[in-house]
Amino acid sequence: MLLVTRPNHDSATNYLYYWSKLVIDEAEKKNVRVLDLAGDKSNRKNFLSYIKKHNPKILFLNGHGSENSIAGYDNEVLIDNSDNFIKLEKSIIISRSCKSASVLGRFLILNKLEAFVGYMNNYVVKVSKKESTNPLKDKIASLYLEPSNLIVKVLLKGKTVDEANERSKAMLLTNLGKILSSNSNDKEDTARWLYHDYCSQVVYGNGQATL
């Protein structure tokens, strides 16, 4: 079972909202049940209720974050490092949010989460101003968002967390090479942030965990 949080209360989360839908579509094709906390449904009450009732194996959490927390709609905190009462012993979290691996990821592993994939520093996605109202058509944003989507897609194929992370990071490097060989006016800046995300993306816990 896959639980996805995808708030859409600002421009940054709106991108994550649409790009996460591609992962949901992939899961449904594989007959994996999806719990979709979309828009304002991505709140703490629903989040805790769904975990308690359904005990999802994979949690794909999209939203703003900090060293200690991951937020949902309107920046309401969904989970932080005081939540040792949330039972996630057999779950895998993929956190597409800033900095949440630096403290929260380690905390959750110590409290028996099976595996955590996230970012030690800010998760950066450069976007095209021309496509800001059409996130899925934004080719610049896709350089960042396709690799992070790939983490979950690889897990849905039954592969391990380590393999999912490795394939995602390999795609980031491939995209970095593509942009550097392009004629883009801001290719150096785009490449810099791709490499930043590559360096920031980490795995904690059981890297051999699978769906």
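The values are calculated or read from the model by the stated rules, or taken from the named source; none is laboratory data. It should be emphasised that the depicted structure is a prediction, and the values quoted were computed from it without experimental measurement. When we count neighbours, we look across all protein chains shown, and the Cβ atoms used for this are built from the backbone with ideal geometry, even at glycine.
Here are a few things to note about the model shown:
- Any hit, the range 132-146, residues being buried (at least 18 other Cβ atoms within 10 Å of the Cβ), among the basic types (Lys, Arg), touching a helix residue (DSSP H, G or I) at 6+ places or on another chain (Cβ under 6 Å) and at pLDDT 95 or above: no
- Condition met for ALA27 (under 20 Å from PHE116 (Cβ atoms), in a helix (DSSP H, G or I) and aliphatic (A, V, I, L, M)): yes
- Among the residues listed as ALA71, ALA27, the single one being over 23 Å from CYS98 (Cα atoms), buried (at least 18 other Cβ atoms within 10 Å of the Cβ) and not aromatic (Phe, Trp, Tyr): ALA27
- Residue within the range 163-177 that is touching a strand residue (DSSP E or B) at 6+ places or on another chain (Cβ under 8 Å), basic (Lys, Arg) and surrounded by 15 or more Cβ atoms within 10 Å (Cβ to Cβ) present: yes
- Residue check for LEU35: modelled with pLDDT of 95 or more and in contact with a Phe, Trp or Tyr (Cβ under 7 Å, 6 or more places away or on another chain): yes
- Conditions (1) free of Cβ contacts under 8 Å to residues at least 12 places away in the same chain; (2) under 24 Å from VAL124 (Cβ atoms); (3) not small (Gly, Ala, Ser); number of the one not met by ASN14: (1)
- Any chance ILE79 is in contact (Cβ under 8 Å) with a residue 12 or more places away in the chain and either touching a Ser or Thr at 6+ places or on another chain (Cβ under 8 Å) or surrounded by fewer than 22 Cβ atoms within 10 Å (Cβ to Cβ) (or both): yes
- The numbered conditions (1) of a type in the set (Gly, Ala, Ser); (2) over 30 Å from GLU89 (Cβ atoms); (3) surrounded by fewer than 17 Cβ atoms within 10 Å (Cβ to Cβ); (4) touching an Asp or Glu at 6+ places or on another chain (Cβ under 8 Å) are all true for GLY207 except (2).
- Residues of the range 1-18 that turn out to be in contact with a strand residue (DSSP E or B) (Cβ under 8 Å, 6 or more places away or on another chain) and either within 21 Å of SER142 (Cα to Cα) or assigned to a helix (DSSP H, G or I) (or both), as a count: 8
- Selection over the range 183-194 of residues that are loosely packed, with under 15 Cβ neighbours inside 10 Å and either in contact with a strand residue (DSSP E or B) (Cβ under 7 Å, 6 or more places away or on another chain) or at pLDDT below 95 (or both) gives a count of 3.
- Of the residues making up the range 82-107, those that are in contact with a Lys or Arg (Cβ under 9 Å, 6 or more places away or on another chain), surrounded by fewer than 24 Cβ atoms within 10 Å (Cβ to Cβ) and among the hydrophobic types (A, V, I, L, M, F, W, C) number 2.
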